[in-house]
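Below is one structure, written out as structure tokens, with a few remarks after it.
The values are calculated or read from the model by the stated rules, or taken from the named source; none is laboratory data. Only a predicted model underlies this, so the values are computations on that prediction, with no experimental measurement involved. Cβ placement follows ideal geometry from the backbone for every residue including glycine, while neighbour counts extend to all protein chains displayed.
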Amino acid sequence: MIDHMTLGVTDFARAVTFYDAALAPLGICRVMTLPLDQTEGVHVTGYGREQPILWLARERPTTGLLHVAFQAATRADVDAFHAAGLDAGGTDNGAPGLRPHYHADYYAAFLRDPNGHNIEAVCHSPQLTGRT
């Protein structure tokens, strides 16, 4: 099980703006920002629910293929992630919808973050119909 990961970013402020907005509908927020004197002058901030699971660092940008998927509680949360991420400077890499080739209830959306990484929100729960 992964405890946390760090992404090196080229534009820290732009990345923070994107992740603040895109992750908020999933209940994920900035939970820690380290003082510059503790990071040798590198801007570092962590996202999670209680403790950081994703760190952003303005140092040595991460390159190559990177795909990070975050769990969403509901399909509406996936939709909100996609909309908020687009509004915050992300680019569409797959609109919200079912991906039945993974499984029947796989509902996801994909964005490219400001560094071009593929960021996904996915809900594995079936759509509730309101019937009991």
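Descriptive notes on the structure:
- When G116 is tested against (1) in contact with a strand residue (DSSP E or B) (Cβ under 8 Å, 6 or more places away or on another chain); (2) under 23 Å from P52 (Cβ atoms); (3) free of Cβ contacts under 8 Å to residues at least 40 places away in the same chain, only condition (1) is not met.
Rundown of residues vs (1) at pLDDT below 95; (2) touching a strand residue (DSSP E or B) at 6+ places or on another chain (Cβ under 6 Å); (3) over 18 Å from H82 (Cα atoms); (4) not basic (K, R), yes/no style:
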| residue | (1), (2), (3), (4) |
| --- | --- |
| G8 | no, yes, yes, yes |
| R14 | no, no, no, no |
| D20 | no, no, no, yes |
| P25 | no, no, no, yes |
| L34 | yes, yes, yes, yes |
| E40 | yes, no, yes, yes |
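- Selection count, region 3-28, where residues are among the hydroxyl-bearing types (S, T, Y) and within 20 Å of A73 (Cα to Cα): 1
- Qualifying residues in region 57-83 (those that are over 11 Å from the mean Cα position of the chain (by Cα) and crowded, with 18+ Cβ neighbours inside 10 Å) - the one nearest to D11 (Cα to Cα): R58
- Looking across region 26-56, the residues that are farther than 30 Å from H124 by Cα and either touching a residue at least 40 places away in the same chain (Cβ under 8 Å) or among the charged types (D, E, K, R) (or both) come down to D37, E40.
- Which listed residue is surrounded by fewer than 18 Cβ atoms within 10 Å (Cβ to Cβ), at pLDDT 95 or above and within 13 Å of the chain's Cα centre (by Cα), from R99, R30: R30
- Flag if G90 is under 26 Å from M1 (Cβ atoms) and either in contact (Cβ under 8 Å) with a residue 40 or more places away in the chain or of a type in the set (V, I, T) (or both): no
- Criterion: surrounded by fewer than 17 Cβ atoms within 10 Å (Cβ to Cβ) and closer than 22 Å to G8 by Cα - qualifying residue of G116, G46: G116
- Odd one out for V9 among (1) over 17 Å from N118 (Cβ atoms); (2) of a type in the set (A, V, I, L, M); (3) touching an Asp or Glu at 6+ places or on another chain (Cβ under 9 Å): (1)
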